[in-house]
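Participant: A single structure is presented below for examination.
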Amino acid sequence: MTRLVLFALPLVILSRRAGFEIREVWYLSVASQIFRACLNLLLLRRELRKKLVFPETTGFLPGAAIS
């Protein structure tokens, strides 16, 4: 659905314009891919923050602090 909204719909609008060039399709494709990659990274980051919760350890001293 993201591909349809970010690429296909603007492409239909651009293609009806006078002076439309195929180069604009490539630019729109690259822009939509970059946006989708950023969105995927944000969603992945959010999910990993939810799942990777480490319990706080009290009284833990690193090895270098003991010697």
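The values are calculated or read from the model by the stated rules, or taken from the named source; none is laboratory data. As the structure is a computational prediction, the values presented were derived from the model and not from experiment. Every residue, glycine among them, receives a Cβ derived from its backbone with ideal geometry; neighbour counts consider all protein chains shown.
Participant: Would you kindly identify the helices (runs of 4 or more DSSP H) lying entirely within the chain that contain at least 1 residues that are modelled with pLDDT under 90 and of a type in the set (D, E, K, R)?
Facilitator: Numbers: elements: 9-15, 22-51, 63-66.
It comes to 22-51.
Participant: Right, something else. Go through the range 32-50 and give me each residue that's among the aliphatic types (A, V, I, L, M) and touching a residue at least 24 places away in the same chain (Cβ under 8 Å).
Facilitator: Selection gives Leu39 alone.
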